[in-house]
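The block underneath contains the structure these notes are about, expressed in structure tokens.
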Amino acid sequence: MHRRHATWDWFTRRAFLGTAAGAAAGVYGLAQGLAAEVPSTFDGKDFKLRAPEANAKRGGVLRYGTLSAPAHFDVHQSGTIANMGTQGAMYDNLIRRDPRDSGQSIIPDLAHSWEIAQDGKTYTFFLRKGVKFHDGGDFTAEDVQATFQRIIFPPQGFSSPRTPLFSTVEAINIRDSHTIEFKLREARPKEFILGAFASGWNLIVRKKTLEDNNYSLRQVMDYPGTGPFRHKKRVDKEVWVMERNPDYWNEGLPYLDGIEFYHLVAFSPELGSALLAGKIDYGRLLDPVTLQKVQNAPGMTGTNFYQSVIQAVWVNNVKKPFDDPRVRRAMHLVFDRPVLVEVVKDIAPMLVGGFIYPFSDFATPPEKLRLGGPQFTAS
């Protein structure tokens, strides 16, 4: 939900598009549905992202109200908007989802081009040259290797919800300073594999940063990225301030001069009042009363939208009677999910689905979901 008269015209990066232009399905980062066909060979040496408008407005600071008090700062080990909603603006991916078509297409990011072998077992990415991290370090294939080595072959004590996406990867090889390949033990659909790489959670971090912090970034809030915005200051549970990266590799971006992420709890009166009073320009997860006020206020707009969040009932399996699988099965059968979705539609619009977007090619068809079987509600 956002104010129409904010100081920006176009969301330039993943921080405003929700998990990297909609690239993540929940915390897993699965490829979303309705995706465009993914080419096996893509030459994007001259590709640069631009706003669809001919004369996009520049300047201004976006004041964004969102949950921004993460338990730690290691995005690779996270699955919450408290991390991605703020930190994502400071980083880039290897490849990414296109914000201009709601993430249906995969486009270049730090890798300008890619090639997929005919047998589907080798993915080669060609990296941009001249890219700098915020601390001045050069971006090379070593940073990509270190990032994905950590995600795919996690060290002890590291836990990422997205590690299983790369279960078929057996080796990450550096061919030269700006070429890297991923070898698979067996092929998977290219839409799935490239979708996994394009998940906004798999942001690229510097190898030296990982080495300097013993491969744990949980307590490092401003580790350098290559993204369009860079860390300026943070006040815990209040605000995270970022400024435009003047050396961003995608010339002309970002359009904003900065972003201020204000920590405001979802559905809270504080969030609603801050938006209505003009203290923030954009807020997400408004309570339904505030949303109605926004929709009726001159110069403001508000909308409901589906997001990749699992809504479910979780029980403690070690406590009676839930330790009995028959009881859990009975609970599963008695819940009428379409009715539950109907009941809460005015507060949180949902679809009956599973851990994958209900409209994805990989998802169980809605007709089968209505007949029974494992179901969750995705808001």
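The values are calculated or read from the model by the stated rules, or taken from the named source; none is laboratory data. Remember, it's a predicted structure, so these values are computed and weren't measured experimentally. Because the Cβ atoms are built from the backbone with ideal geometry, glycine has one as well, and the counts that use them run over all protein chains shown. We work out accessible area using only protein heavy atoms, side chains counted, and drop any ligands, DNA or RNA first. Shrake-Rupley method; radii C 1.70, N 1.55, O 1.52, S 1.80 Å.
In the set (1) within 20 Å of the chain's Cα centre (by Cα); (2) among the aromatic types (Phe, Trp, Tyr); (3) open to solvent by less than 20 Å² (accessible area, probe 1.4 Å), the condition left unmet by residue 123 is number (1).
Hey, can you tell me all the residues within the stretch 203-223 that are more than 13 Å from residue 90 (Cα to Cα) and open to solvent by less than 80 Å² (accessible area, probe 1.4 Å)? The answer is 207, 209, 210, 213, 216, 217, 220. Selection of the stretch 169-195 for residues being within 14 Å of residue 111 (Cβ to Cβ) and within 24 Å of the chain's Cα centre (by Cα) yields 172, 180, 181, 182, 193, 194.
For the stretch 165-176, a residue qualifies if it is outside any loop (DSSP other than H, G, I, E, B) and either small (Gly, Ala, Ser) or in contact (Cβ under 8 Å) with a residue 40 or more places away in the chain (or both), and the qualifying residues are 165, 171, 175. Considering only residues that are in a helix (DSSP H, G or I) and of a type outside the set (Lys, Arg), look in the stretch 288-303 and name the one that is most open to solvent (accessible area, probe 1.4 Å). Checked the stretch 288-303; the qualifying residue most open to solvent (accessible area, probe 1.4 Å) is 296.
All of 25, 21 fail the test of being farther than 27 Å from residue 279 by Cα, modelled with pLDDT under 75 and either among the charged types (D, E, K, R) or buried (at least 20 other Cβ atoms within 10 Å of the Cβ) (or both), apart from 25.
Of the residues making up the stretch 74-95, those that are touching a strand residue (DSSP E or B) at 6+ places or on another chain (Cβ under 7 Å) and farther than 20 Å from residue 62 by Cβ are 94, 95.
Scanning the stretch 316-349 for residues that are closer than 16 Å to residue 288 by Cβ and part of a helix (DSSP H, G or I) turns up 341, 342, 343.
None of 46, 92 is open to solvent by less than 10 Å² (accessible area, probe 1.4 Å), assigned to a loop (DSSP other than H, G, I, E, B), charged (D, E, K, R) and over 22 Å from residue 266 (Cα atoms) except 92.
In the stretch 103-133, what residues are on the phi < 0 side of the Ramachandran plot and assigned to a loop (DSSP other than H, G, I, E, B)? Working first, answer last.
The initial filter retains those residues of the stretch 103-133 that are on the phi < 0 side of the Ramachandran plot, namely 104-119, 121-129, 131-133.
Correct list: 104, 105, 109, 110, 117, 118, 119, 121, 128, 129, 131, 133.
Note on the stretch 298-331: residues that are among the small types (Gly, Ala, Ser), touching a helix residue (DSSP H, G or I) at 6+ places or on another chain (Cβ under 7 Å) and at pLDDT 90 or above total 1. Taken over the stretch 52-72, the criterion of being in a loop (DSSP other than H, G, I, E, B) and either open to solvent by 30 Å² or more (accessible area, probe 1.4 Å) or modelled with pLDDT under 95 (or both) is satisfied by 52, 53, 54, 55, 56, 57, 58, 67, 68, 69, 70, 71. In the stretch 141-155, the count of residues that are open to solvent by 70 Å² or more (accessible area, probe 1.4 Å), modelled with pLDDT of 95 or more and closer than 21 Å to residue 114 by Cβ is one or more.
In contact (Cβ under 8 Å) with a residue 60 or more places away in the chain and open to solvent by 80 Å² or more (accessible area, probe 1.4 Å) - does that describe any residue in the stretch 304-313? Looking for residues that are in contact (Cβ under 8 Å) with a residue 60 or more places away in the chain and open to solvent by 80 Å² or more (accessible area, probe 1.4 Å), one finds at least one in the stretch 304-313, hence yes.
The residues on offer are 175, 230, 185, and the sole one that is basic (Lys, Arg) and buried (at least 20 other Cβ atoms within 10 Å of the Cβ) is 230. Looking at the stretch 101-117, is at least one residue surrounded by fewer than 21 Cβ atoms within 10 Å (Cβ to Cβ) and aromatic (Phe, Trp, Tyr)? Within the stretch 101-117, none of the residues are surrounded by fewer than 21 Cβ atoms within 10 Å (Cβ to Cβ) and aromatic (Phe, Trp, Tyr). Would you point out the residue of the stretch 156-172, among those that are modelled with pLDDT of 95 or more and open to solvent by less than 10 Å² (accessible area, probe 1.4 Å), that is farthest from residue 127 (Cα to Cα)? Step by step, filter the stretch 156-172, then rank; the result is 168.
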